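The values are calculated or read from the model by the stated rules, or taken from the named source; none is laboratory data. As the structure is a prediction and not an experimental result, all values here were calculated from the model. Because the Cβ atoms are built from the backbone with ideal geometry, glycine has one as well, and the counts that use them run over all protein chains shown.
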Amino acid sequence: MRIDTLDVVRCPYCGGRLELVESLFHRRTAAGIHDGILGCHCCIFPVVDGIPVLHLQPGATAARDQIQAGRPDLARRIMFGLDDEPLAAAFDRVAASDTATFRETVEALGPGFEGGYFLYRFSDPTFVVAEAVVRAVAGTAARGGRTIDICGGSGHLTRTLVELSPVPPILADLYYAKVWLARRFTAPGCEPVCCDGNAPMPFARGAFTFAMCVDAFMYIWTKRQFVGEMERLIDTPGHAGGGGAILIGHTHNERTWSPSHGQPLAPEGYAALFERLEPRLFGERGLFADVVDRGALDLSRRDAKEALDGDPALTIVASRDAAVFARHSIAPPRRSGELRLNPLYRPEPDAAAAGRVRLQLRFPDDDYEQEYGACRRYLPDAVTVSRGALAALTDVSGAAPADARAELNELVRRRVVLDLPARYY
Ligand SMILES: [Zn+2]
């Protein structure tokens, strides 16, 4: 972890500042802490492979004991939940490799790690909507301040914050393995913190100008505390009259059924959680149509009660910055990683035309199709492309013929080709 992150982290229980305990085992440089123990007024927490673990669940205390015993390698195994020796040793080898991909590293975590759909996240409908909302809201209200993705998992949306934030955004999640993967692969440049979303958040008041939680809030039990904490995190003195924003994206609706339902609230229940800011709720169907059909996200709309009640997923935005609640044009995808074929597509030689390849949409399984089948609204069933366009994918010289590049740009627009993190699959 970066030393300057100590300026914004606080003990979740006593609220005190955290300092490296120099008298205990640690490995650090001038700029960062690799392993060690952080202490506050009330307790001590481990930093494991550069990630502070700011909760007291059983794995965290066992990892802390291993750090104190000078065994950071064993502390990391505990945080990854690897208690099987051969599996742990195999994972250590993959983790030490400079060439292992995100997919291989997830697989090395074993079948107990719910890795299944992470690979397809960058084109799923929830992501497509959330990414547009994040760009619109954080792009307007964050104003160069620090941002945070709470319960951000393996960091697919944190990657967008890295683009938008001049200071490294914080990615907070209970699952160590996910934030570790995010820092390594999905969102390099983010600052991962392992903490419990059902506890007070381990950060200082006003440390952020933008706080978000997407596709996770329905699983939080202490929702009132969580929203109160988000309000506290963006309570920046300099922004008292203006900026700062909270985004709760893709949270399920108690009035409708959805897969992996969680413990959702009804729309007015969500609205009532806010004490300091007045939230606006949006049905995700309207936002989806904005992104897919209209090319602009209209946050000036006020969805009717019937629209909110009937929508399986809601997006909640709270900000005093009026510019947030406007129409935001959707910029073409930015290129920050490498262009790769969407892993939902399988290339097959086209029997009808030499030199052309047929890309066929194939879902990993029926459950994926049931939950994310709305991606058919923008992902073509099949598309035939020239071998030249596919060759242009891996061409880093920029010397690919203009027609191949034009074809490739069209595939990017249709999300058949994605801008993916390096070594993603
Ligand atoms: Zn404390």
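One table, with the values for the structure above:
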quantity: Failed criterion for His261 (all others in (1) within 23 Å of the chain's Cα centre (by Cα); (2) modelled with pLDDT of 95 or more; (3) not charged (D, E, K, R) hold); calculated: (2)
quantity: Residues of segment 22-44 satisfying the condition of being in a loop (DSSP other than H, G, I, E, B) and either surrounded by 15 or more Cβ atoms within 10 Å (Cβ to Cβ) or within 11 Å of the ligand (Cβ to nearest atom) (or both); calculated: Leu24, Phe25, His26, Cys40, His41, Cys42, Cys43
quantity: Neighbours by Cβ (under 8 Å, 6+ apart or cross-chain): first from segment 1-22, more than 18 Å from Ile170 (Cβ to Cβ); second charged (D, E, K, R) and within 16 Å of the ligand (Cβ to nearest atom); calculated: Gly16/Arg10
quantity: Hey, Thr126 within 30 Å of Ser329 (Cβ to Cβ) and of a type outside the set (A, V, I, L, M, F, W, C) or not; calculated: yes
quantity: Qualifying residue in segment 88-103 (condition: within 28 Å of Phe203 (Cβ to Cβ) and within 16 Å of the ligand (Cβ to nearest atom)); calculated: no
quantity: Residue match in segment 309-318 (condition: touching a residue at least 24 places away in the same chain (Cβ under 8 Å), among the acidic types (Asp, Glu) and either more than 23 Å from Ala211 (Cβ to Cβ) or part of a loop (DSSP other than H, G, I, E, B) (or both)); calculated: yes
quantity: Segment 45-72, residues that are free of Cβ contacts under 8 Å to residues at least 40 places away in the same chain, more than 16 Å from the ligand (Cβ to nearest atom) and not in a helix (DSSP H, G or I); calculated: Arg71
quantity: Selected residue (only one of Ala136, Ala187 is on the phi < 0 side of the Ramachandran plot, of a type in the set (A, V, I, L, M, F, W, C) and under 10 Å from the mean Cα position of the chain (by Cα)); calculated: Ala187
quantity: Scan of segment 384-406 for residues that are at pLDDT 90 or above and of a type outside the set (S, T, N, Q), ordered by number; calculated: Val385
quantity: Matching residues in segment 254-286 - criterion: being closer than 24 Å to Thr158 by Cα and not in a loop (DSSP other than H, G, I, E, B); calculated: Tyr270, Pro279, Arg280, Leu281, Phe282, Gly283, Glu284, Arg285, Gly286
